[in-house]
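The values are calculated or read from the model by the stated rules, or taken from the named source; none is laboratory data. Fair warning: this is a prediction, and the values are worked out from it, not measured in the lab. Quick reminder, even Gly has a Cβ in these numbers, built from the backbone with ideal geometry, and neighbours come from all protein chains shown. The accessibility values were calculated without ligands, DNA or RNA, using every heavy atom of the protein model including side chains. Shrake-Rupley method; radii C 1.70, N 1.55, O 1.52, S 1.80 Å.
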Amino acid sequence: MAQVTLRKIVKEYEGGVQAVKGIDLDIADHEFVVLVGPSGCGKSTTLRMIAGLEEITGGDIAIGGTVVNDIPPRDRDIAMVFQNYALYPHMTVFENMAFGLTLRKFPKEEIKRRVDNAARILDIAPLLERKPKALSGGQRQRVAMGRAIVRDPKVFLFDEPLSNLDAKLRVQMRTEITKVHQTVKTTTVYVTHDQVEAMTLADRVVVMNHGIIEQVGPPQELYHHPATKFVAGFIGSPAMNFIPARLVNGGAALNVELADGIRLPVPEDRAARYAPHAGRDVLFGIRPEHLTELRPNDHRQHLATFQAAPEVVEPMGMETLLHFWMQGNEICARVDPSTPAAPGVQQTLAADMSQMHIIDPQTDKVL
Amino acid sequence: MSATTADTAAQGIYQKAGSLRGERRRVLIWAYIALAFFVVFFLFPPVYMLITSLKSSAEIADLNGNPWLVTDPTLQHYRELLTEGNYLLHFRNSIIVTVAVVAITMVISILAAFSLSRMRFWGSSVLATGVFLTYLVPETLLFIPLFQIIGGLGLYNNLWAMILIYPTLTVPFCTWIMIGYFSSIPKELDEAALIDGANHFQMLWKIFIPVALPGILAATIFAFTVSWGQFLYPMAFLVSSEQMVLTTGIVSDLIRGDTFQWGKIMAGALLAALPPLLVYAFLMDYYIAGLTAGATKG
Ligand SMILES: Nc1ncnc2c1ncn2[C@@H]1O[C@H](COP(=O)(O)OP(=O)(O)OP(=O)(O)O)[C@@H](O)[C@H]1O
Ligand SMILES: [Mg+2]
């Protein structure tokens, strides 16, 4: 059990590629932190530096208050689960899980007790005598987690552990991981490029991009208060719509004027925040779920309606996605499946302006 | 009406399926013909050796006899071989040299391959290529300079010289095979082992060697075959019969001037071929088990 601290961590691979460009991160004891970001943003590199598998070019990493920069992986008291599981193919499940303990010269009974306990948590007790090749992908994944659990390390590190599984199993294992973390409560750093995984698993999500941290926060905070355009577009699915717009003073209130001449009033409580940017070109951001049909007896305040004709209608079952174009930008709206919608037919849509975002196109910061 | 059309349609599909089976049978027949040809071709010499070794010297020399028939089988050649002369001594020498060379080769090449495939150090890739290049230098070129070295070490006409020289033939190739096998082991496996607390030696011993066992067996078989059958170096460096190994011993002891003791030569060669046969049969079981275990990974 331990906290993990990253201070100005830099990683430069030979050849001058800066994969990680000076990141700071504090992970509390028992916390489940997810590093998320697009491919190549430096997530794995960061995780591998914590593990000690990659040398640190600059900065300090501390685990449990001790700077571990020069401590080899085996003495960092960490356990890691790899994307391809990395099970030892010649050992049985039991031996795979016991390997780390055997090397550390634990007594036989203690090893057996720990392996049995982990096998019970993970539901793999009947598989202990099998070799990895006789296991399904999901079972291998469990064994890989079991190997980490038996060690009872200070920190768990996961590098995209679920991306080799099919969609259904992935959801199932996600729940499993949450369950395990609630049981063992070990500090966890988890890497994924799947934002749904990040949102569902994390106490706090770290959004990375191009080797820097864009934002750190609990999932809800990232969803409701993204700090940058990147985070706004990365978190949430389907992704947030960005529409070029202009902030204009219209009468008493501030308005977002979309390129089509559509004017949407800014809620009063935001007016003061945006007022200094009046008259400027900005990006208007709104999530598909806040762009809906106009419901009878709708009690939501700050609804602004406008007309649009969807070009593509995608019924998903629990909702229907409408795609339409506004001056070359594809916009997505999520409407109730009972809404009559057909391609090319004009339709009234309601934007929930209390959930809007204004982004400065120069800095990509959310205002 | 519609039932009949459905019937004929089904029939058409059924007939097509039948022809697939026929094709499989044709392929099998050809496979058997080809295999039979190779079996006959490769068994021809040993069978001939066996037949000749069972004939008396008089029968071998009889020009009118049928070379494929034994009229009066005898174990006389085997008896003489095993009771008189240095044949057993040569056999023992061959075993000593081969066992020592295989052991030395495997230790060196496994350690070399492990460091060349896994530990990045200055010049490691050049070294890996260099190892393979040395294998390409023919031994016929090497034995003259080696003569100087062996002479300088005072090991001329000494069995131990063979244990020193043979690894120059076996180590490069075995290292090269092992580099291939070790490189195919996913990097995450060593990283998992490192995190689990293994040092490099434990990683090699507990992960790499068991996982690459098929490769190690292949390399062992190669080293064994080369050492057991090596002819040029013992021919060049060993002169007295007591120091000789089987390959040269049979030739020098059983051919006196222009008298070839064919019966004993055949018996000796046949017995000399037994150990490789046993080693192959024994290791092949593991080899194939290992191969298939690797194949289903994924
Ligand atoms: N060994 C290496 N040598 C040089 N550059 C590397 C090396 N490993 C990674 N990189 C580079 O560092 C950057 C970050 O890589 P990293 O593996 O951390 O990405 P990632 O966020 O894990 O991506 P993914 O989601 O695809 O796994 C990439 O641009 C990559 O090309
Ligand atoms: Mg990665």
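Listed values, structure above:
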quantity: Lone unmet requirement of (1) in contact (Cβ under 8 Å) with a residue 12 or more places away in the chain; (2) closer than 30 Å to A:Val20 by Cα for A:Gln220; calculated: (1)
quantity: Matching option when the condition is among the acidic types (Asp, Glu), within 16 Å of ligand 1 (Cβ to nearest atom), in contact with a strand residue (DSSP E or B) (Cβ under 8 Å, 6 or more places away or on another chain) and within 17 Å of A:Ile78 (Cα to Cα), among A:Glu160, A:Glu197; calculated: A:Glu160
quantity: Answer residue from region A:70-95, given it is polar (S, T, N, Q) and open to solvent by 40 Å² or more (accessible area, probe 1.4 Å) and is nearest to the other protein chains (Cβ to nearest Cβ) among those; calculated: A:Asn84
quantity: From A:Leu135, A:Leu165, A:Leu127, residue being within 24 Å of B:Ile195 (Cβ to Cβ), buried (at least 18 other Cβ atoms within 10 Å of the Cβ) and at pLDDT below 90; calculated: A:Leu165
quantity: Within region A:36-60, tally of residues that are more than 14 Å from chain B (Cβ to nearest Cβ) and more than 8 Å from ligand 1 (Cβ to nearest atom); calculated: 6
quantity: Qualifying residue in region A:174-188 (condition: more than 16 Å from ligand 1 (Cβ to nearest atom), modelled with pLDDT of 90 or more, part of a loop (DSSP other than H, G, I, E, B) and hydroxyl-bearing (Ser, Thr, Tyr)); calculated: yes
quantity: Of all residues in region A:10-32 being within 16 Å of ligand 2 (Cβ to nearest atom) and open to solvent by less than 50 Å² (accessible area, probe 1.4 Å), the one that is nearest to A:Met199 (Cα to Cα); calculated: A:Ile23
quantity: Residues of region A:192-207 satisfying the condition of being away from ligand 2 (no atom under 16 Å from the Cβ) and open to solvent by less than 50 Å² (accessible area, probe 1.4 Å); calculated: A:Met199, A:Leu201, A:Ala202, A:Val205
quantity: Which listed residue, of A:Val216, A:Val189, is on the phi < 0 side of the Ramachandran plot, crowded, with 24+ Cβ neighbours inside 10 Å and under 15 Å from the mean Cα position of the chain (by Cα); calculated: A:Val189
quantity: Residues of region A:49-68 that turn out to be in contact (Cβ under 8 Å) with a residue 40 or more places away in the chain, aliphatic (A, V, I, L, M) and more than 13 Å from ligand 2 (Cβ to nearest atom), as a count; calculated: 5
quantity: Positions within region A:192-213 being part of a strand (DSSP E or B) and under 8 Å from the mean Cα position of the chain (by Cα), in sequence order; calculated: A:Thr192, A:Val205, A:Val206, A:Val207
quantity: Number of the exception - A:Thr46 against (1) within 30 Å of B:Ser184 (Cα to Cα); (2) free of Cβ contacts under 8 Å to residues at least 60 places away in the same chain; (3) buried (at least 20 other Cβ atoms within 10 Å of the Cβ); calculated: (2)
quantity: Subset of region A:70-83 [within 27 Å of the chain's Cα centre (by Cα) and away from ligand 2 (no atom under 16 Å from the Cβ)]; calculated: A:Pro73, A:Arg76, A:Asp77, A:Ile78, A:Ala79
quantity: Matching residues, region B:59-84, being more than 32 Å from the chain's Cα centre (by Cα) and of a type in the set (Ser, Thr, Tyr); calculated: B:Thr71
quantity: Any chance A:His210 is more than 20 Å from A:Ala144 (Cα to Cα), out of contact with any Lys or Arg (no Cβ under 7 Å at 6 or more places or on another chain), open to solvent by 30 Å² or more (accessible area, probe 1.4 Å) and within 16 Å of ligand 2 (Cβ to nearest atom); calculated: yes
quantity: Helices (runs of 4 or more DSSP H) lying entirely in region B:150-266 (those with 2 or more residues that are of a type in the set (Phe, Trp, Tyr) and more than 14 Å from chain A (Cβ to nearest Cβ)); calculated: B:159-183, B:213-229, B:232-237
quantity: Unmet criterion (only one of (1) in contact with a His (Cβ under 9 Å, 6 or more places away or on another chain); (2) more than 16 Å from ligand 2 (Cβ to nearest atom); (3) not acidic (Asp, Glu)) for A:Gly42; calculated: (2)
quantity: Top-ranked residue of region A:247-256 - restricted to ones that are out of contact with any Pro (no Cβ under 7 Å at 6 or more places or on another chain) and crowded, with 17+ Cβ neighbours inside 10 Å, ranked as nearest to A:Leu349 (Cα to Cα); calculated: A:Val256
quantity: Output for region A:8-25, where each listed residue is touching a Lys or Arg at 6+ places or on another chain (Cβ under 9 Å) and either within 14 Å of chain B (Cβ to nearest Cβ) or away from ligand 1 (no atom under 13 Å from the Cβ) (or both); calculated: A:Gly22, A:Asp24, A:Leu25
